[in-house]
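None of the figures in this text is laboratory data; all of them are computed from the coordinates on show. Since we're looking at a predicted model, the values are computed, not measured. Neighbour counts are summed over all protein chains in view; Cβ atoms, including those assigned to glycine, are modelled from backbone coordinates with ideal geometry.
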Amino acid sequence: MSRLFRDVEGGTLFPHGSVVCIGAFDGLHLGHRALVQHAVDRARTLGVPAVALSFEPLPREFFAPAAPPPRLTLARAKIEGLLGFGADSVGLIRFDGRLSAMPAEDFVRLALVGRLCAREVWIGPEFRFGHRRGGDIALLRSLGDQHGFAAGEIAPVHLHGERISATRIRELLVAGEFAHAADLLGRPYAIGGRVVRGKQLGRTLGYPTANLRFSRTPALSGIYATWVHGVAAQPWPSVSSFGTRPTVAGVEPLLEAHLFDFQGDLYGRHLEVEFVAKLRDEEKFDGLQALTVQMHRDAEQARAVLATRPSRLPAADQDVARSDGSFMDGRRGSPSQRASDADAVDATPLQNPRTSPHAAQR
């Protein structure tokens, strides 16, 4: 059985039927988990695979490339997260000009009926699909009657009276309210990526950093107290800067993590950075000397914060490195939240997938 597919056409994948859930799944929060796990439960009842269907890039990114919304979850993390929730297969459909112009009726006919042989289709509240967002739950049910599948919509998920949404989580992350965001996500917010070489300015200033680059607009910007996972058996205390580095005329988003009292080479390693507290906004200083003075203050403040706020990923549950350099959380159904560096999913197919019941620090 195909674990990952990218196109709405190309032949039937599940001739005996499937249960499909569709969504953006940005954040993989508790609402997304409820949708996916409901589809998984229905699939187990019917004895068919559960398929999670999403899009890459996200539609809002396609329509606003110059000012895309901040991304919570990149492709690699999304795939692993959906599989971790119990999906047997993930469709990460290429959202391009052709798909954006496809009427909702054609999408149902090609993807849900022809490609997936859907027996049931489930969506979240207010989900829209097709050209000009022409498809909703009413149309989906009508088309289901025509093509022989059932369609349903799960209710919004609330926690302590608050509706869970990716928009709300982005707001909390920007505000530095990581504990609140973690409640809605169902886990701490962390970002993962592979350590790349930089200009080694941090080493020159006495604060060597492990650098992670990302191709999507991040939800965070500023200086943070952080725990870094993937260096040793236990999380490593650190202070991290996430932004464009205005003092040195930076442009692209860069995550720079200074690991306290660490000696070693981390180039090429895949690390996870767990955000604990925001210390300040990113700012432009008059020169490197002023920047260095502030970096010392940031480091001392981060040490003080981390002394009383341990990692919220217990040691037994922390991510373990897989053979392909990616990470999968040891707790079933609770993938760590990150923006993976490997969002070119075609070039880096999944390795050693979960068995289905169907078929440099510088």
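Quick notes
- In terms of surrounding Cβ atoms within a 10 Å radius of their Cβ, T73, T292 rank from fewest to most as T292, T73.
- Formal net charge of residues neighbouring A155 (Cβ-Cβ distance under 12 Å; K, R +1; D, E -1): -1
- With 5 Å bins from 0: P(r) over the stretch 20-128, alpha-carbon pairs, percent: 2, 12, 23, 25, 20, 13, 4, 1, 0
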